[in-house]
Amino acid sequence: MSLRIVFIGCVESSRAALEALLALPSDTATIVGVITRRASSFNADFVDLFPLVQDRDIPLLYAEDAADDDAQADWIESQRADVVFCIGWSRLLGPRVLAAAPRGIVGFHPAALPANRGRHPIIWALALGLDETASSFFLMSREPDSGPLLDQRRISIARTDNAGSLYAKILNTVRVQVADVALGLANGTLQPRDQDHRLANCWRRRSESDGQIDWRMGAQTIHNLVRALARPYPGAHFVGRHGPAKVWRSEVSDEGRPNLEAGKVLAVDGRCVLVKCGSHSIRLLEHEMSTLPQVGDYL
């Protein structure tokens, strides 16, 4: 008997997962409904999922038209879903939605649960200089990111990775992993395992000020911040004498004497600007400075 799935999501990872689920044989799993959004003011990677279902005769509900828990739960129940997959949804689900399908809600978090629950996992992993993360599927509960694990796959973070390339790695993993999870649920071979909550931490929500460069930081810390906020995210920034400027790409350098102050411009080569940091120096390779500084200036 085919597993009946309602899908919830509105970002790039949602699209990747839904495409993979739609490709499954109909006698294994069937998408019987999709909940998405028309727009998002805070998801930099927002995607409207309507184009994926418009020619497939799959019911679609925009969350803007059913904003409360009861309305969404009623809609899910009307589709007679066995299970809900919620991937790429930045809002907490209400208690009725969490109970709307007999086999629960499958959630996704791009981190090595139980570690690193919470907000902005791709950004934090890069900003903190981690060399590994994970793609975790779990059964959702009232406490975010804390339900039993269904499947987890490790993802290495290279020193050359930034937000865009790490996101691409995660999407490649999700496309395979979400199909395996659906197959495991359909044939009954998937065994949920409780998370060890003693190992858990929860990353906080980041603010715009978290993306501001302070040249007193070490060069590696600044470089990690630039990597973390690269596209599709809003970019690291600093406030110079000509106002705020974003930095999209950088590299760490050993150039510069230790007795020089942080923020001093050591070299300018075309658009490339070398800046002394709290330790070592950083080369700004791609930035949005409207006026280039001179050697000896301070940013």
Fill in the blank from the handout: Exception for S14 within (1) open to solvent by less than 10 Å² (accessible area, probe 1.4 Å); (2) touching a helix residue (DSSP H, G or I) at 6+ places or on another chain (Cβ under 8 Å); (3) in contact (Cβ under 8 Å) with a residue 40 or more places away in the chain; (4) polar (S, T, N, Q) falls at (2)
Completion exercise
Of the residues in segment 91-107 that are of a type in the set (D, E, K, R) and in a loop (DSSP other than H, G, I, E, B), the one that is surrounded by the most Cβ atoms within 10 Å (Cβ to Cβ) is R103
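Table: residues versus (1) under 26 Å from the mean Cα position of the chain (by Cα); (2) within 11 Å of I8 (Cβ to Cβ); (3) of a type in the set (D, E, K, R); (4) not in a loop (DSSP other than H, G, I, E, B).
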site: D57; (1), (2), (3), (4): no, no, yes, no
site: D74; (1), (2), (3), (4): no, no, yes, yes
site: R80; (1), (2), (3), (4): no, no, yes, no
site: V84; (1), (2), (3), (4): yes, yes, no, yes
site: W89; (1), (2), (3), (4): yes, yes, no, no
site: A112; (1), (2), (3), (4): yes, no, no, no
Exercise for the section: Kindly check whether there is at least one residue in segment 50-69 that is among the polar types (S, T, N, Q) and surrounded by 14 or more Cβ atoms within 10 Å (Cβ to Cβ). Expected result: no
Problem - Set L292, L274: member being out of contact with any Phe, Trp or Tyr (no Cβ under 8 Å at 6 or more places or on another chain) and either farther than 27 Å from L130 by Cα or open to solvent by 40 Å² or more (accessible area, probe 1.4 Å) (or both) - result: L292
Exercise for the section: Answer yes or no as to whether A186 is in contact with a helix residue (DSSP H, G or I) (Cβ under 6 Å, 6 or more places away or on another chain), touching a residue at least 40 places away in the same chain (Cβ under 8 Å) and either of a type in the set (F, W, Y) or closer than 22 Å to S13 by Cβ (or both). Expected result: no
Problem - Residues located in segment 280-289, provided they are open to solvent by less than 50 Å² (accessible area, probe 1.4 Å) and either in contact (Cβ under 8 Å) with a residue 40 or more places away in the chain or in a loop (DSSP other than H, G, I, E, B) (or both) - result: S281, I282, H287, M289
Completion exercise
Of those in segment 108-155 that are closer than 25 Å to A230 by Cβ and among the polar types (S, T, N, Q), the residue surrounded by the fewest Cβ atoms within 10 Å (Cβ to Cβ) is N116
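The values are calculated or read from the model by the stated rules, or taken from the named source; none is laboratory data. Keep in mind that what you see is a predicted model, and the values were worked out from it rather than measured. No Cβ is skipped: glycine too gets one built from the backbone with ideal geometry, and neighbour counts run over all protein chains shown. Side chains are part of the model used for accessible areas, which takes the heavy atoms of the whole protein and leaves out ligands, DNA and RNA. Shrake-Rupley method; radii C 1.70, N 1.55, O 1.52, S 1.80 Å.
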